[in-house]
Amino acid sequence: MNLRANFVPFALAALLASMTVAQSAVAEPSYSLKKVASFDHQVTGVTASESGRLFVNFPRWTEDSEVSVAELLPNGDLKTYPDANWNAWRNAKQDSLSAGDHWVCVQSVVADKKGSLWVIDAGAPAQAQVVAGAPKLVKIDLASNRVAKVYPFGLDVAPQGSYLNDVRLSPDGKFAYITDSGTSGAIVVVNLETGKARRALDGASSTQFEKGVMVKADGKPLQRPDGRGVQFSADGIALSPNGDTLYWQAVKGNTLYKIGTADLQSAALGELPGKVQKVGENGPADGLLIDDKGTMYVSSVEDHAIKVRQGEDLKVLLQDKDMRWPDTFTQGPDGTVYVTDSRIPDMNFYDPKQGPALKTTLYKIEVKD
């Protein structure tokens, strides 16, 4: 409610005066970004554990980075995680290192708030050819800092052209849901008890990028020198707090979709497209997060903005031109929401003048004073 004294009859002046304190008490706060850390490599994922430990990852897109997964220490330094050996892979050493027990092209890290860190390795450096044996989901025990289990994915789950992107874990710890943003979008469902995985909604319209949508940066089409634009399929993913509904959308797309997780777990694959529902229009977006209060955060990549969705209501939470491409969200144990800026428009995929390495930033969202 926006009240202005010059538009209100004099008889209501006293009432307005009495309402001043009440109005200020319920006024919505405004938000801004605060830099948490800067990196010499292109960051995509970030996650916070239940104790507040922060982890980040750096995919091998335009450079053969010497670090893939790292813990961000309180002093701002990076510590390779879980150890140097898992981070020893280099594209140039592909013939001498095994892909199944090294980070090849890590896209996402997610702490389950139950003592484990989960890492998605798409296994496709430069978003190109999938390295044999590389695609995997890895569980790391945070107490011992050791790998607890590896879920390898064969070509039936991660075929050539795939790019496993982000993951959410069911509250009961029995299932993982992974978006595939590659050539044929899909949702990969992993039974964490049996280790079996299946590609759901493979090729369905809800998991593909939307034809006719051109992702823009600073108001101009974001294209490679050969004319190709952004073509990421199912990418951002979010799980309802009770775990019964999964949400996702393509970066090259406007539409947010949802489906019941019970259907993803057990319904016949052919029946799943008919069970998908449209939620609303977000516009092109990358990362999604549903916080502990049920609010969905949406990275609005065209607008240098972070939006929030509550049901059908979508609004801008904050906008900052310094944030080139809001990518991945996480929420810390104190409620703080963090977001990575992966600067995708500045990659040499799209800007040939840019070198292989790309400096990037981790922010947190704060209430303005």
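Every read-out reported here was derived from the displayed coordinates using simple, explicitly stated rules and does not represent laboratory data. Just so it is clear, the structure is predicted and the values come from calculations on it, not from any experiment. As a convention, Cβ positions derive from the backbone with ideal geometry for all residues, glycine included, and neighbour counts pool all protein chains shown.
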Next item on the list: About the Cα centre of the chain, how large is the charge dipole given +1 on each Lys and Arg Cβ and -1 on each Asp and Glu Cβ? Please answer in debye to the nearest 20.
Entry: 240 debye
Margin query: Restricting things to Cα coordinates, could you compute the convex hull volume per residue of the stretch 91-150 in Å³?
Written below: 74 Å³
Note to self: Where in the chain is the longest stretch that carries no GluC sites (Glu not before Pro) classed as loop by DSSP and with at most 10 other Cβ atoms within 10 Å?
What the structure shows: 1-192
Next item on the list: Extending each Cα 7 Å along its Cβ direction at GLN94 and ARG228, get the distance between those two points in nm, one decimal.
Entry: 1.6 nm
Note to self: Please compute the length gained on full extension between VAL147 and VAL316, using 0.36 nm multiplied by the number of residues separating them and subtracting their Cα-Cα distance.
What the structure shows: 56.9 nm
Next item on the list: Counting other beta carbons within 10 Å of each Cβ, put ARG199, ARG343, ARG224 in order, fewest first.
Entry: ARG224, ARG343, ARG199
Margin query: I want to make sure I understand the PRE zone here: with the label point 7 angstrom from the Cα of LYS35 toward its beta carbon, which residues in the stretch 327-363 have backbone N atoms less than 13 Å away?
Written below: 341, 359-363
Checklist line | Sum of side-chain charges, GLY154 neighbourhood, beta-carbon under 15 Å (Lys, Arg +1; Asp, Glu -1) | finding: 0
Item checked: Charge dipole of the stretch 31-367 about the Cα centre (unit charges at C-beta), most positive-ward option of ALA132, LEU78, ILE344 -> ALA132
Item checked: Ranked packing of 34-46, 140-152, most packed first, by mean Cβ within 10 Å -> 34-46, 140-152
Notebook entry, point to check: Under the Karplus relation 6.51 cos²θ - 1.76 cosθ + 1.60, θ = phi - 60°, what is the ordered set of whole-Hz ³J(HN,Hα) values for the stretch 182-189, x standing for Gly and Pro?
Noted result: x, 4, 10, x, 6, 10, 8, 10
Next item on the list: Give the order of MET296, MET214 when sorted by the count of other beta carbons within 10 angstrom, beginning with the fewest.
Entry: MET214, MET296
Notebook entry, point to check: Computed over the Cα atoms of the stretch 224-360, what is the convex hull's projected area averaged over all directions, in nm²?
Noted result: 10.1 nm²
Next item on the list: Quickly work out the ALA84-to-GLU66 label distance, labels modelled 7 Å from Cα along the C-beta direction, and quote it in nm with one decimal.
Entry: 1.0 nm
Next item on the list: Working from the alpha-carbon coordinates of the stretch 127-207, get Rg over Rh, Rh being the Kirkwood radius.
Entry: 0.98
Check: Looking at the chain from every direction and averaging, what is the projected area of its Cα convex hull in nm²?
Finding: 21.1 nm²
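Compute the length gained on full extension between LYS211 and ASN242: take 0.36 nm times their separation in residues and subtract their Cα-Cα distance, giving the result in nm to one decimal. Provide the component values of the computation, followed by the final result.
Values: separation 31, 0.36 × 31 = 11.16 nm, distance 3.32 nm.
So the extension gain works out to 7.8 nm.
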